[in-house]
Amino acid sequence: MKHNYCIDRIFKLIMKNRIAFALIMGLITTTLISFVLIAVNVGINSNFLMIWFRSWCLSYIIAVFAMLVIAPKVQSLVNSLFGKFNKSTN
């Protein structure tokens, strides 16, 4: 019984860390990228903040979704591809 409790606690901690990472990394990357791309493509004008904020909101939702749902699948793929190489070099 205690063994299952420990596994559950570890799993919850890992999930909290993964969610926190996705939220923070999504905030940083989408803010930077959307700001620069809107500034380059539209220019800084009177509508800049409204255009940027709308684009940022959409990109943040997509980025967090990708980090939570798609990234683990990509990580598995990378592990399966490069895990073989890492084992052979050790």
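Throughout, read-outs are computed from the coordinates displayed, never taken from laboratory work. These figures come from a predicted structure and were not determined experimentally. Glycine also receives a Cβ, built like all others from the backbone with ideal geometry; neighbour counts cover every protein chain displayed.
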Review point. Tell me, in nm to one decimal, what length is gained between VAL74 and ILE61 on full extension, where the rule is 0.36 nm per residue of separation less the Cα-Cα distance?
Key: 2.8 nm
Study note, to complete from the structure: Heads up, the chain by the C-alpha gyration tensor (a ≥ b ≥ c square roots of eigenvalues; a/c under 1.5 rounded, else a/b over b/c prolate, else oblate) looks oblate
**Study point:** the chain: angle of helix 2-41 to the longest principal axis, Cα-based, in degrees nearest 10
**Key:** 20 degrees
Practice item. Pick out, from ILE38, VAL64, ILE28, the residue whose Cα sits farthest towards the positive end of the charge dipole of the chain, with +1 on the Cβ of Lys and Arg and -1 on the Cβ of Asp and Glu. Key: VAL64
**Study point:** Computed over the chain: relative contact order in percent, which uses C-alpha pairs under 8 Å that are six or more apart
**Key:** 32 percent
Review point. Where does helix 71-89 land angle-wise versus the long Cα axis of the chain, in degrees 0 to 90, nearest 10?
Key: 50 degrees
Practice item. Could you work out the relative contact order of region 13-66, using alpha carbon pairs under 8 angstrom and six or more residues apart, expressed as a whole percent? Key: 47 percent
